[in-house]
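Readers should treat all values here as calculations from the given coordinates under stated rules, not as data from a laboratory. Keep in mind that this is a model prediction, so the values were computed, not measured. Note: ideal-geometry Cβ built from the backbone for every residue, glycine included; neighbour counts use all protein chains shown.
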Amino acid sequence: MALLIKNAFIIDGTGRDFFRGDILAKKNKILAVGDIPNYQAEEIIDASSCFASPGFIDPDSSSDFSNSIFFDRFQKNYLKQGVSSIILGHGGVSLAPIFGFPEHLVGNQIGKKLNFNWRSFYDFSFSLSKIKFGVNIASLFGEINIRDSITDTFEERDLTENEMKVFKKILENSLKEGALGISFGFGFSYSLTTPPVEIAAAAKSAFQKNAVVSVRVKEDRFETKKKFLNLLLQEKRKMRSGMLFLSQAEVEDFKWLKRSNSLKEISASFHPSGFSLVPLVSLISSLIKRESVEKLSFSLSPSEVQEEIKKKISEEKWLEKAVIIIAKDKSLEGKTLKDISRSRKEPLALCLINLAERCNFNITFSHSSNLIDGDFSFFKEKGMLVSSFGNFKESSSSFPYFLKTATSSKENWLIEKAVEKITKIPADLFGFKDRGVIKEGKIADISLFDKNFEIKSVIVGGKKSYSEGIFYDSLGGSFYGNHS
């Protein structure tokens, strides 16, 4: 089937000036770009009042952690903002590999048991290739997946020499089977303290393969984050290859990267309006102990816990109004702690304690810090990337917001450069050689938007996936890896 986009203002993703023209897509590729007057396509889109750009790329999605890829194959909140490709597997946890790895880790985040029919990353990519999605999907693999598959325990100990050999073999195989790289997560309920020697060894193996090493640190102390970044940066400098990526970064991270002259060595994802995901366990980690593989509990007496929670709510003023965005009990999602407290007629601290125990601490809040406050100057650094952090209603206008703010009179970006930031640049950094630009022979992932940056249509893999509020069943998204 051929699809023809007529008379669009084409922003090709390279940063060059936009131009008026047509785009012809056949099967999943762009067949021609320019003046195409007489081609009889099965579907013709009049784009005379629209810009046509490559589909946007979100390099740091939580659609696996929230499992929305299984419950919303369209990924509607992505399509509505022009995103055609997402990268999963950050934060130390991924959907594969899961050799002997307890499926409770992912399933517990959503309160449902999932039936996984894969173990290796190859099995995972094969399974996903049989499912049609609204967006393209690529993934890293989580360090916690491999480590706990080997030890089958949450005991804090070093891997033995033989276990480390197995770890490296699984890492190497996963990269061959399509994973973009490895991710680490620190400060979460599922991650204990991985010894630095293991972090360095795993990162070295990934960098040797020119792969991505992603790190996410949910930690109150900024010094802890710097420690992990410096450790990984040392390994990257030794190997002189690969990509070091800071997941869900904050403005303070950028300031440190700038002070330490690391901006050209570390890439990072930022939400353009300051939206962030805050797991409950990262706020109260000092109050939690693990009773078993699947069970967390408070480590202090009830009265002590209540006093500590009161202090935390007092310190974190935003918490009572923060929206619960992921929870084991799905009925809590979309509600604030304050709303739930009122409906249950419980004090805030007691309400939070009861919710934590009810959900085994698997609660994640959304929080808008407003620290960015429209200052996009740091986005002009090549490796500082835009992300919405997931398929969430609360962040479903992230990419249009970026375009609108970046091209405003205050920031004064050229629209071509703003589009390049969310298309070609992430495609190049993550090795998507056939995406990120509008050019003959490339994959036909195209976003159409008007002068107000409202998304009108999204083409994924040559198929119209979204248009004017309608989602189409002819899904063109596919699983994509660096060895696909």
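Is the C-alpha gyration tensor of the range 162-318 telling us rounded, prolate or oblate? Criteria: a/c under 1.5 is rounded; beyond that, a/b larger than b/c is prolate, otherwise oblate.
It comes out oblate by the Cα gyration axes.
Could you give the length gained on full extension between residue 311 and residue 166, defined as 0.36 nm per residue of separation minus the Cα-Cα distance, in nm?
Values: separation 145, 0.36 × 145 = 52.20 nm, distance 4.44 nm.
Result for the pair: 47.8 nm of gain on full extension.
Hey, which aspartates and glutamates would be in cross-link range of residue 404, C-alpha to C-alpha under 20 Å, not counting anything within fewer than 8 residues on its own chain?
Candidates past the 8-residue exclusion: 12, 17, 58, 373, 375, 381, 394, 416, 420, 450, 454, 468.
Amide H to amide H under 5 Å from residue 326: which residues, 5+ apart in sequence or cross-chain, H placed 1.01 Å off N in plane?
364
At a 10 Å Cβ-Cβ cut-off, how would you order 148, 64, fewest neighbours first?
148, 64
Hey, what do the phi angles of the range 235-242 turn into as Karplus ³J(HN,Hα) couplings, whole Hz, using 6.51/-1.76/1.60 and θ = phi - 60°, x for Gly and Pro?
Each residue of the range 235-242 in turn: 5, 5, 5, 5, 7, 6, 7, x Hz.
Counting only residues 5 or more places away or on other chains, whose amide H sits under 5 Å from the amide H of residue 288 once H atoms are built in the peptide plane?
Placed amide hydrogens put 299 under 5 Å from residue 288.
What full-extension length gain, to one decimal in nm, is calculated for residue 158 and residue 226 as 0.36 nm per residue of separation minus the Cα-Cα distance?
Extending this stretch completely gives an extra 22.2 nm.
List the extent of the Cα atoms of the range 279-366 along each of their three principal axes, largest first, rounded to whole Å.
Sorted largest first, the three principal extents are 30, 26, 21 Å.
Give the residues of the range 223-239 whose amide nitrogen is closer than 20 Å to a point set 7 Å from the Cα of residue 259 in the direction of its Cβ.
Of the residues in the range 223-239, 223-234 have backbone N under 20 Å from the label point off residue 259.
Please list, in chain and number order, the residues 5+ apart from residue 296 or on another chain whose amide H is under 5 Å from its amide H, with Hs placed from the backbone.
291
How do 244, 140, 414, 348 line up, fewest other C-beta atoms within 10 Å first?
414, 348, 244, 140
Can you list the equivalent-ellipsoid semi-axes of the chain, largest first and in whole Å, using the square root of 5 times each Cα gyration tensor eigenvalue?
37, 26, 22
Go ahead and estimate [θ] at 222 nm for the chain from helices alone: -39,500 (n - 2.57) per DSSP H run with n ≥ 4, summed, over the residue count, rounded to 500.
Working: 16 runs with 148 residues, N = 484.
So the helix-based figure for the chain works out to -8500 deg cm²/dmol.
Can you run phi through the Karplus equation (6.51, -1.76, 1.60; θ = phi - 60°) for the range 164-172 and list ³J(HN,Hα) in whole Hz, with x for Gly and Pro?
After applying 6.51 cos²θ - 1.76 cosθ + 1.60, I find 5, 5, 5, 3, 5, 5, 5, 4, 4 Hz.
For the range 54-67, just list the computed ³J(HN,Hα) in residue order, Karplus coefficients 6.51, -1.76 and 1.60, θ = phi - 60°, integers in Hz, with x standing in for Gly and Pro.
Running phi through 6.51 cos²θ - 1.76 cosθ + 1.60 with θ = phi - 60° gives x, x, 6, 10, 9, x, 8, 8, 9, 5, 7, 4, 8, 6 Hz.
Between residue 470 and residue 346, 0.36 nm times their residue separation minus their Cα-Cα distance comes to what?
Full extension from residue 470 to residue 346 adds 40.5 nm.
Taking the Cα centre of the chain as the origin, how large is its charge dipole in debye, to the nearest 20, when only Lys and Arg (+1) and Asp and Glu (-1) carry charge on their Cβ atoms? Display every interim value, and only then the final one.
On the way: 68 positive and 60 negative charges, 93 e Å.
Dipole about the Cα centre, nearest 20: 440 debye.
Going Cα to Cα from residue 310, which aspartates and glutamates come in below 20 Å? Please leave out same-chain ones fewer than 8 positions away.
Partners within reach: 219, 220, 320, 339, 346, 357.
Could you name the aspartates and glutamates whose alpha carbon sits less than 14 Å from that of residue 132, not counting residues in the same chain fewer than 8 places away?
72, 473
Find how many whole Å separate the alpha carbon centroid of the range 29-65 from the alpha carbon centroid of the range 214-280.
So the separation of the two Cα centres works out to 33 Å.
If you rank 395, 368, 341, 241 by fewest surrounding Cβ atoms within 10 Å, what's the result?
Ranking 395, 368, 341, 241 by Cβ neighbours within 10 Å, fewest first, gives 241, 368, 341, 395.
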